[in-house]
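The values are calculated or read from the model by the stated rules, or taken from the named source; none is laboratory data. Remember, predicted model here, so these are calculated numbers, not experimental data. Here the Cβ positions follow ideal geometry from the backbone for every residue, glycine too, while neighbour counts run over all protein chains shown.
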Amino acid sequence: MIKMLGKRPAVEDPRTLKLNEILRLEKLPEIPAEFSCTEEATGFPLRMYRNDRWGDCVIAARANHTVLFEFREEACILDIADTDVLNEYWKEQGGGTCWNKRPDNGLVMLYSMRDWRTGWKACGKKYSSYAFGQISSGDEDSIKAAVYLLGGVQVGLNLPITASGQFEAGEPWEVVSTSGDGRPGSWGGHAVWLSSYHLKDGKIRYEVVTWGKKQEVSPEFLQTYGDEAYGVVDNRNTWLGDNSPVDVEKLDSYLKQLEL
């Protein structure tokens with residue numbers, strides 16, 4: 001199977017909100033030891049979204065997350081078309097009029113996260129997120145909370161060549177070495193939807209959806225090769241109320257400052 005990469009190098013912006021700054025820890029529910037977003041709905045789709053031919057992984061990861069959001073809100077499974085994903089991918093790169101001249105240079109994940117807030121079109125409807133917060137790839141507690149409460153984490157990876165062989169062999173992504181074929185970025189940048197976590201031999205393991213499959217990932221791999229990660233607040237109204245684990249008032253204030 002041909003696998004395309006399409007996440008451009010991570011961009012840092014000091015204005016980017018940290019997820020743990022808007023979580024009210026005292027209001028957090030008990031986070032289960034294991035949880036899977038893809039098992040919430042029978043027949044949850046695992047789609048390639050043409051990431052075997054185009055470097056549209058950033059939007060493909062968004063599409064998977066959007067399916068989960070809509071299932072939680074409307075109890076339905078969106079049938080997002082490949083063309084919906086590709087059209088947004090091309091649009092965020094500046095467009096293109098001819099199929100063979102469409103841009104395919106990947107996307108800066110942070111910029112695409114911002115574009116998500118303004119909305120993207122899928123299944124004939126516009127879907128937008130309310131806000132997003134950055135997560136450290138080594139922050140296990142925040143990752144688990146984001147998967148359980150927010151429907152997963154948008155993760156950017158600086159993949160080593162060793163990850164390609166592991167994926168093809170159906171093996172977990174593990175750190176083999178950090179030099180040679182194990183050097184971060186020796187393969188390239190890739191975006192995935194981190195959708196689940198579970199225990200294996202008493203230790204936490206993550207699961208991401210990529211290239212139409214579920215891929216197990218060790219925490220060490222994520223911390224070594226993950227160069228950006230974001231939790232997404234989909235709908236503001238979901239988190240209103242005194243007992244909400246998301247501090248909406250603080251989040252609103254932050255967003256207003258960005259608009260000044």
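In this structure, does Gly94 turn out to be closer than 20 Å to Val11 by Cβ and modelled with pLDDT of 95 or more? In short, no.
Of all the numbered requirements in (1) under 30 Å from Ser244 (Cα atoms); (2) in contact (Cβ under 8 Å) with a residue 40 or more places away in the chain; (3) of a type in the set (Gly, Ala, Ser), Ser128 misses one, and that requirement is (2). Pro103 meets the conditions (1) under 20 Å from Asp52 (Cβ atoms); (2) surrounded by 23 or more Cβ atoms within 10 Å (Cβ to Cβ); (3) at pLDDT below 95 in every case but one. The failed one is (2). Among helices (runs of 4 or more DSSP H) entirely within segment 154-260, having at least 2 residues that are surrounded by 15 or more Cβ atoms within 10 Å (Cβ to Cβ) and modelled with pLDDT of 95 or more singles out 161-168, 219-225. Taken together, the residues in segment 62-86 that are out of contact with any Lys or Arg (no Cβ under 9 Å at 6 or more places or on another chain) and assigned to a helix (DSSP H, G or I) amount to 10.
Among the residues making up segment 1-53, those that are polar (S, T, N, Q), under 24 Å from Thr210 (Cβ atoms) and touching a residue at least 40 places away in the same chain (Cβ under 8 Å) are Thr16, Ser36, Thr38, Asn51.
Starting from residues that are within 15 Å of the chain's Cα centre (by Cα) and in contact (Cβ under 8 Å) with a residue 60 or more places away in the chain, keep the ones in segment 107-124 and report whichever is surrounded by the fewest Cβ atoms within 10 Å (Cβ to Cβ). Looking at residues that are within 15 Å of the chain's Cα centre (by Cα) and in contact (Cβ under 8 Å) with a residue 60 or more places away in the chain, I get Tyr111. Restricting attention to segment 42-61 and to residues that are of a type in the set (Gly, Ala, Ser) and either under 14 Å from the mean Cα position of the chain (by Cα) or buried (at least 16 other Cβ atoms within 10 Å of the Cβ) (or both), the residue that is nearest to Gly6 (Cα to Cα) turns out to be Gly55. Residue-level check: of (1) among the β-branched types (Val, Ile, Thr); (2) under 27 Å from Pro245 (Cβ atoms); (3) at pLDDT below 95, Thr66 misses just (3). In segment 1-31, the residue that is modelled with the highest pLDDT out of those that are of a type in the set (Val, Ile, Thr) and under 30 Å from Arg53 (Cα atoms) is Val11.
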